[in-house]
Amino acid sequence: MITNDNLDGSTPLDPDELAGLKFKHITTRGQLDELEQANIVQGMLWIKKHSQDDILTIGFAFDLHKALFNDVWTWAGLFRLTEKNIGIDPLYISVSLRNLLDDLSAWIESDTYSPAESVLRFHHRLVKIHPFPNGNGRFSRIYADMIAEKYFSIKPINWGGKDLDKVTQIRKDYINALRAADGGDLSLLFDLYGN
């Protein structure tokens, strides 16, 4: 059983999801974070090979999450089936994700928002949907960075790196900005990352 699971803003896993851990010797959040980070490094190599794909599809979202977490979780790349402390009802994940990808396509086509604002709005809505049992923040930041580069030709956003995986002021500011955006105020998110 994973202990130290109370990191502010982290998604708790239910027993069935924890049973999907491929390495049963992992017992702490720190060990899990290290294992997942090693998988993410491999996932980033996968991204380089697939950067030319159509990335605005649900299939690509599945593949990306799987590439980032498949070495750790049996359910990597599969939508969550349970309610969480964050995220929409699991029954609406597929439709909400499809709507987000369609909205992003429209924003790109019509220059609705600045490039940075489009990327941040996409990131926020993806985190709010929370499509997978775990890894949604990291998945959403990586996906947003891919969109920044591919569709807007801008540099990836400086999210704060590994400080977002620990209890730091950077993480607290990030979580507070997402929570404010959940309430309709995206100004903190833009202040932190819109440059």
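Nothing in this text is a laboratory measurement; each read-out follows from the coordinates by a stated rule. These numbers were taken from a predicted model, which means no experiment stands behind them. Quick reminder, even Gly has a Cβ in these numbers, built from the backbone with ideal geometry, and neighbours come from all protein chains shown.
What the table shows:
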item: Volume in Å³ per residue [convex hull over Cα atoms, computed for the chain]; result: 110 Å³
item: The chain: angle of helix 29-49 to the longest principal axis, Cα-based, in degrees nearest 10; result: 40 degrees
item: Residue with peak Gaussian network fluctuation, the chain [Cα springs, cutoff 10 Å], from LYS49, LYS155, LYS172; result: LYS49
item: Label-point gap, in nm, between LYS24 and GLN52 - each point 7 angstrom along Cα→Cβ; result: 4.4 nm
item: Gain upon complete extension [THR82, ARG98; 0.36 nm per residue less C-alpha separation]; result: 3.8 nm
item: Model label zone, ILE175; criterion: amide N under 13 Å from point 7 Å along Cα-to-beta-carbon; scope the stretch 9-43; result: 9-12
item: Cβ-based exposure ranking for ASP89, ASP191, ASP33, ASP103, in which fewest neighbours within 10 Å come first; result: ASP89, ASP191, ASP103, ASP33
item: Between helix 58-69 and the chain: long-axis angle, C-alpha atoms, 0 to 90°, nearest 10; result: 40 degrees
item: Exposure proxy ranking, count of Cβ atoms within 10 Å, fewest first, for PHE60, PHE79, PHE122, PHE132; result: PHE60, PHE79, PHE122, PHE132
